[in-house]
There are 4 protein chains.
Amino acid sequence: MSIKDAQYDVHKWVQQFKIEYFKPMEIIAQMMEEVGELSREINNRYGPRTKKSPEDTADIEQELCDIMFAIICMANSHNIDLDEAWKKKMDKQYGRDKERFELKG
Amino acid sequence: MSIKDAQYDVHKWVQQFKIEYFKPMEIIAQMMEEVGELSREINNRYGPRTKKSPEDTADIEQELCDIMFAIICMANSHNIDLDEAWKKKMDKQYGRDKERFELKG
Amino acid sequence: MSIKDAQYDVHKWVQQFKIEYFKPMEIIAQMMEEVGELSREINNRYGPRTKKSPEDTADIEQELCDIMFAIICMANSHNIDLDEAWKKKMDKQYGRDKERFELKG
Amino acid sequence: MSIKDAQYDVHKWVQQFKIEYFKPMEIIAQMMEEVGELSREINNRYGPRTKKSPEDTADIEQELCDIMFAIICMANSHNIDLDEAWKKKMDKQYGRDKERFELKG
């Protein structure tokens, strides 16, 4: 599946409803909710109040997709092509970090 | 470009360095930084201290990819296949929300 | 009640237990959980999926205190006197913002 | 200094300007910016890209106050008395957690 497909999935889903995309501030608030839920999962697995086995990653998986959904809503509502944007990011990242961390021997 | 490709991009990038993936808590902190930077962009465009035109979405684009990078680091370090996870999410989303918002006429 | 009292409340509470303060990264993750819950409340009151009356602020109140609790844990575990820090902040804020927003006539 | 004083500090500061309090969604976005900056400090001190000494807590101090400022803006704009809210929280916390973590011997 391509990133474009995922952007189209969200587009189709939103198109069903009268509401259209949330406003940018609302998407930010939504994203914060989801990042908060991921934090809870991570804290439950790796934090001091350990409640869950680190092996059980089902919820982490779904929380990551919930954040991705919010990212794609923000991208779609700004006509951002994440595929192009990602390529730009990777170019920048390789340029920037090549002297930032120690390379393998 | 597929989501798998993006996961592989990050894998290749991390493989260059001695550091390996950050620990889950560190990735969460990293993700929070990036969500904070996206919030700043959104506030600068749509908030009360408007500094930037809503038309200029270059930074939003890059902030979204920075969050995606953190998501993929979390996914890769947990052997999560985001492609599969996304399909599960979309199935759930369609099931759950079909009676949640008002459908178009 | 003073800010020092609140810092002491948290100190006393933590002192009961064997766990001591969480590590800084764990407190950050905890703070993100609480900020996410506040976002949910704000979205439920003011966002597109309105579920609650904006008049009912009981949960907002508690979420704000949950974030304050995390702030105080971070402060206490770093021997930070929030009272002093707040005074410094207010001095800076007055200096910085006096020409930033339009003053009342 | 009391929590009421801090709430009054923010009240006085906002009263200077025409803008009044930001809207709740804008305060949430502002809070996320500040929490993101705190995360950066924490990551810089305790994370894998260590840049700063854990002893140097000056920035942590100020980031904590920036988050407190956002909390107080949210409280003030909802007529929430944080002093009262904090007392309620502490009562709840003591009730709830007394059997949650292991007590000291």
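The values are calculated or read from the model by the stated rules, or taken from the named source; none is laboratory data. Everything numeric here is computed off the predicted structure, so don't read it as measured data. Here the Cβ positions follow ideal geometry from the backbone for every residue, glycine too, while neighbour counts run over all protein chains shown. Accessible surface is based on the protein model in full, side chains and every heavy atom, while ligands, DNA and RNA are left aside. Shrake-Rupley method; radii C 1.70, N 1.55, O 1.52, S 1.80 Å.
Name every residue in the range B:48-77 that is at pLDDT below 80 and of a type in the set (Phe, Trp, Tyr), in order of residue number. Those that are at pLDDT below 80 and of a type in the set (Phe, Trp, Tyr): none in the range B:48-77.
The C-beta contact set for the range A:59-86 (first residue facing another protein chain (nearest Cβ under 7 Å) and in contact (Cβ under 8 Å) with a residue 40 or more places away in the chain, second residue of a type in the set (D, E, K, R) and part of a helix (DSSP H, G or I), distance under 6 angstrom, 6+ apart or interchain) comprises A:83/A:4.
Among the residues of the range D:13-36, the ones that are among the hydrophobic types (A, V, I, L, M, F, W, C) and closer than 16 Å to residue B:32 by Cα come to 5 in all. Please determine whether any residue of the range C:10-24 is of a type outside the set (Lys, Arg), at pLDDT 95 or above and open to solvent by less than 40 Å² (accessible area, probe 1.4 Å). Looking for residues that are of a type outside the set (Lys, Arg), at pLDDT 95 or above and open to solvent by less than 40 Å² (accessible area, probe 1.4 Å), one finds at least one in the range C:10-24, hence yes. Out of (1) in contact with a Phe, Trp or Tyr (Cβ under 7 Å, 6 or more places away or on another chain); (2) surrounded by fewer than 21 Cβ atoms within 10 Å (Cβ to Cβ); (3) more than 14 Å from chain A (Cβ to nearest Cβ); (4) in contact (Cβ under 8 Å) with a residue 24 or more places away in the chain, what's the single condition that is false for residue C:6? With (1) in contact with a Phe, Trp or Tyr (Cβ under 7 Å, 6 or more places away or on another chain); (2) surrounded by fewer than 21 Cβ atoms within 10 Å (Cβ to Cβ); (3) more than 14 Å from chain A (Cβ to nearest Cβ); (4) in contact (Cβ under 8 Å) with a residue 24 or more places away in the chain applied to residue C:6, the lone miss is (2). Can you name the residue in the range D:94-105 that is part of a helix (DSSP H, G or I) and among the charged types (D, E, K, R) and is also modelled with the highest pLDDT among such residues? The selected residue is D:96. Scanning the range C:34-75 for residues that are surrounded by fewer than 17 Cβ atoms within 10 Å (Cβ to Cβ) and either of a type in the set (Phe, Trp, Tyr) or touching a Phe, Trp or Tyr at 6+ places or on another chain (Cβ under 9 Å) (or both) gives C:48, C:49, C:54.
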